[in-house]
Structures are given as structure tokens and as C-alpha cells.
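Notes follow once the structure below has been shown.
No value in this document is a laboratory result; all are computed from the given coordinates. Every value quoted in this text rests on a predicted model; they were computed, and no experiment measured them. Please note: Cβ atoms are built from the backbone with ideal geometry, for glycine as well, and neighbour counts cover all protein chains shown.
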2 protein chains.
Amino acid sequence: MVHKIALVGIGKIAVDQHIPAITNNPDFELSATVSRHASIDGVESYTSLDDMLEKRPDIGIVSLAIPPQPRFDYAVKALRAGRHVMLEKPPGQSLAECYALEKMAQEKGVSLFATWHSRFADSIPAAKDWLKSRTIKRFRITWKEDVRRWHPGQEWIWEPGGLGVFDPGINALSIMTEILPYDVHINAAKLEFPSNRDTPIAAHLAFTNPDNAVMDAVFDWRQEGPQTWDIDIETDQGEMKMSSGGAKLSIDGKSIVEGSDHEYANLYAQMHTLVQNRASDVDLSPMIHVCDAYALGKRITIAEFEF
Amino acid sequence: MVHKIALVGIGKIAVDQHIPAITNNPDFELSATVSRHASIDGVESYTSLDDMLEKRPDIGIVSLAIPPQPRFDYAVKALRAGRHVMLEKPPGQSLAECYALEKMAQEKGVSLFATWHSRFADSIPAAKDWLKSRTIKRFRITWKEDVRRWHPGQEWIWEPGGLGVFDPGINALSIMTEILPYDVHINAAKLEFPSNRDTPIAAHLAFTNPDNAVMDAVFDWRQEGPQTWDIDIETDQGEMKMSSGGAKLSIDGKSIVEGSDHEYANLYAQMHTLVQNRASDVDLSPMIHVCDAYALGKRITIAEFEF
């Protein structure tokens, strides 16, 4: 059975990732889009979600690729209309609203998938398996990219709830929480805020962990030239390096996984499985770390930043 | 059976509240204190928790009245030693560490009580009951106090993890989450930070709720003169006012509860019940709202603040 799906929000991430992932998956049919201004050739388009929900009761799945700030209201509408819902990361602008959506999906008996696309990078299963039987001595996330390149003109990322550099950083945290064999928590954080912005452009997080390893994360949105999405791990039995956001993995300098970008393809495959099983997948741990970083982080105000 | 209890942290809140509450409760015996500098006449005192745990295996309960930043490490030690643990509010400096403590207490089969003393104010049951059958139109928390009076010289409240004005504000949120008949979430927040401090001195929070009521909270730590800890609620069937932090309650201008301060007495009575039943009580919803406020709040920098 082919599942009809509506994609809400036709911005950069929809065009780059969601649309190819849906159209290349034989289990799905992209049956409608919802966007105030954009549309896709050959796909029925709506400017209002209410309208789409009313006119297309045959569309069982709604995928939300809109910014986090309005996501809750859209998700509530889709869930109330009995549709399965897929949320881009971060799943909302607050933890409490995510818990509310989880409860609502449960009550309606539909699937809710709070996606973390980086968890579907090619090297994740191998990394997780390798770490299981090792003691970690050093764990360092380095996530440095150029905000001008990846979020050109996207003002929402600087607005309250937009998460700033945590928008890419939460991808690293979603990998960390997936591959580590135990729970960790932030014990110190330093956040750099441009004086004209409400969200940070850089962050440093330190984590308490049962191995007493030095464990930290450096996020920076000012990296020009080559972009870095690496996780370096020293253990009692060798060193592991994840790079390209988890696509590649090497152990003791030897390449183990040379993947490429299948994250969104894997994400939609997982959504298919969830819908088939009427199951949900809502793990908020990456977002809990971000909220904790905000709550206990030292704030440093730096120079203004303009796109 | 009288339960032996050790109190860790002999600061203002211990002297004002914990010690009288313990010593006036016939179910408990204050058997030891742990504090680097302070002690109580007639009570065995330790300067190290490790030392107390080792020398007094007969003390089954540890109550932590220390600041939130070091609380996790102390709680872990007590739980690992198989003791029941009572946490002052907020239960930690991060959500992730609170979830970790909850899991650890479960594994050790001991009671963990993340206390919210304001939930034990005299008018809470009546307020909760009255709200159950009403539709809320307006809900306003006004929590305005003088930080110099309540936290004299306590630098930790201004340090990362100290929560600033959320330290009293979280009391109001603990009442709100207890008396409301449904879950709510913050959709907007404004936080005022003194330029020389890491935590806010004032905050305004707005909440999304199923009644579509105007629901907000105003926290301010600069209130001299009379202090205000009020919650005003307009409903479709009358108005309710809670004042004095929940000790007093009036409905349509008529006094219903004229309580006084029994919060900590009630708190220790509840701890006794939990320990008797080997049950835990860890509701993190007030802290989730605070973390959400930090994560999505607009930050405003204001003039320096000194005690």
C-alpha cells in the first residue's frame, strides 16, 4: 500500500532533502504541499493546512518541514485530524509542547515521529556497536559550519525559539545520545550571543559521564572554508573518528564506513515502519541537553552578526 | 518507627525551614548534619558527606538543602549508599541530571523526593478542586520579591545553574502545574539579565493552554516594600485569588483559606509517606517550564545589579 503524504513548508530543507526522499521512496506518494508562497510542479498545492486537511482526508501522513516556532500549532491540527505526523528537528520550540504532542498522538492512536536525521547517517550503527564494549577516555564533538551558507537569510534561526547554533549542534547531540552506551548530562556550558541576536552563534558544552571521560562539544557557526562535523573518541581500546556528520567512520586511522548522505531516505523508511506498526518515536534527549545548556550556560555577548 | 535523617547544607533555608520541620515531626530524628562550616547545637556534625555515609549506616534518609549546582554529586553519593534522598527545589541544575537521579533511585529501590515546597501550601487542594470544573479565561502569576531580603549575599543564585529569579518563580510554576486541570506550555518569554550576572532578575512568561485563556507569569526580584506572591484566576464561574504564596485563597472576594506557613512540615510528612511506601515523587514539570523559558526566551540586558 502506497501512503499518501503531504509536505508542509517548502523551504531549503524540503527541496534539498524531503522531496527527493519522498519521491524516491515507492512506499510514499507526495500528494500535496502546504506553503504560503512555494509549490512543486505537478503536486497539488495548498496555502493553508486546514484547507488541505479538510479537502484531502485520503492523505494519512503530514510531514512538517517548517521552522520550530509555528510547528506545534500545525502538528496539533494534523494530529486532531487523525493524521500521522513527522516533525523536522528540533521537534518544537519547547520541551513541554513536545510532551503535549506525544500525549496527543497517543490519545489519537496515530504515529508521531520526532525525527533526528543525523541518527540515520551511515556510520551510526557501526559506531554504536564499537563503543558498547569500550571505556571512553575522551569524547569531543566539533561541529563548525558557516551559517551564511546553510541558513542564508533565515531570520527565524536568530529569533527566540530558533535555537541558533544549536540548530546544527542538536544534530551532533542526536548522534551522541544514540551511540553512547549510557546517559550523560551537561555540567557546564558557555554560549556566545551576538549582541543583536536572541540565539547563540557558538557554544561549548561539557558533560558529566559514568566513564569520567573528558567529554565536550564545540559548536561554531562562523567557520568559513572547509566545514567540520566530526566526533573524535579515544577509548581504552583504540580511537574512533566520525566525520561528515556521521557519514564516515574510521577506527585507529583506518576507514571503516565511507558512506554518503542517505539520512532523509532512511528517515522516511523509518516513518513507513512506524506508520505500519502504529508506533511513535519521540526521543527528546537531544533537546533536553539544549534546554539544559540554555538554563545553566554562561552567556557571553559578542559583536553584532549580520548575514 | 522513627526515621533517622541527615541534613546536608546548613544555610538560611535549613535554619528557617528544614530544621524546625524535622525536629517538630515525631516520625523523624535529626541525627546528623553535613556542612563545611556550620553545625547545630546538640546534633552530630560532619564536614563531609562521604564521612557521614560511612560512619552512620543507621541514617536512612539524606535531605539536601544545598544550592542546585553541587546537588547532583551529593545525591549520587547518597543514592549509591542506599539512602532515601530528599532534594530541595530546583532538583538540580539540569533536567538530564534529574532524570539520571530518578533512574538511579529506581535501580537502588530507594525513595527519591524532588520537593516543591509551594505545592504544600495550605490552599492548594481547595484551589485545585475549585478549578476542576471551570473554564479559565485569565490566569496571572505575580511573583515579586526583594532578592536582597531573601537571598542576602548568595552569589550562587547569579551563577550559571543558579536560576536567578526563577529560583522563587519556580515555586509559582510548581503551584500552577499542580492546580491546573491540564498541561500548558510556554510560547513566549522575556528574560531580563543584569549585565554583570548570568541569571535573570526578572522574567515574563506566556503560556499556550487548552482554554485559550490569557495565561502569564511575571517574576521580579526588585520589589522593595510589600512582597507579592499572588495568582489571580478569572473563570466562567467566578474569580479566585491565591496570595501569600498559596497560603491564602479567596473566591469572588470572600476568604476561603486563611492558612499560614506549613509547607515544610507538610513536605516532611510527605517524605515519611514516600519512605514508608518505598515510593518516589519526581515531577519535573516546573523545571521543564524554566528550561523552556531559557531556550525560547528573548534576552534583554539591563543595568548591573549588586547586592
key: the protein assembly as shown: Cys lacking any partner C-beta under 4.7 angstrom   = A:C98, B:C98
note = The answer for the net charge of residues other than B:Q17 whose Cβ lies under 12 angstrom from its Cβ, with Lys and Arg +1 and Asp and Glu -1, is -2
key: Other-copy label distances relative to B:N196, 7 angstrom Cα-Cβ extension, nm   = 2.9
remark   = Note, region A:213-224: 3J(HN,Hα) by Karplus (6.51, -1.76, 1.60, θ = phi - 60°), whole Hz, Gly/Pro = x, goes 6, 6, 10, 8, 9, 10, 10, 8, 9, 10, 7, 8
message = If you average the alpha carbon positions of region B:177-253 and of region A:25-103, how far apart do those two centres end up, in angstrom?
response = 33
task = Rounded to the nearest Å, what's the spacing between the alpha carbon centres of region B:284-306 and region A:125-145? Just the number, please.
result = 32
query = Each residue of region B:155-161 in order: what ³J(HN,Hα) in whole Hz does its phi give by Karplus 6.51 cos²θ - 1.76 cosθ + 1.60, θ = phi - 60°, with x for Gly and Pro?
reply = 5, 4, 5, 9, 8, x, x
ask   = At A:K132, label 7 Å along Cα→Cβ: distances to the other copies, nm, ascending?
value = 4.9
query = What net charge is computed for the residues neighbouring B:Q93, neighbours being all others with C-beta under 14 Å from the C-beta of B:Q93, Lys and Arg scored +1, Asp and Glu -1?
reply = -4
task = Would you list, by chain and number, the lysines whose Cα falls below 18 Å from the Cα of B:K132, excluding same-chain residues fewer than 8 positions away?
result = B:K241
key: Computed FRET value (nearest 0.05) for B:K4 with B:R140, which takes r as the C-beta separation and R₀ as 51 Å   = 0.70
key: Shortest-first nm distances, B:E224 label point to equivalent points in other copies (7 Å, Cα→Cβ)   = 5.1
inquiry  = Run through region B:17-86 and list the trypsin sites (Lys or Arg not before Pro) located in a DSSP loop whose Cβ has at most 10 other Cβ atoms within 10 Å.
reply    = B:R36
ask   = Once the Cβ-Cβ distance between B:N209 and A:K254 is put in as r, and R0 is 56 Å, what FRET efficiency do you end up with, to the nearest 0.05?
value = 0.50
request  = Enumerate the aspartates and glutamates that A:K108 could reach by cross-link, defined here as Cα to Cα under 20 Å, with residues fewer than 8 away along the same chain left out.
outcome  = A:D50, A:E54, A:D58, A:D73, A:E97, A:D281, A:D283, B:D183, B:D211
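For a quick check of your reading of the filter: which trypsin sites (Lys or Arg not before Pro) in region A:88-143 sit in a DSSP loop and have no more than 14 other Cβ atoms within 10 Å? Each step should come with its number before you reach the end.
Working: sites: A:K103, A:K108, A:R119, A:K128, A:K132, A:R134, A:K137, A:R138, A:R140; in loops: A:K132, A:R134.
Qualifying residues, ordered by number: A:K132.
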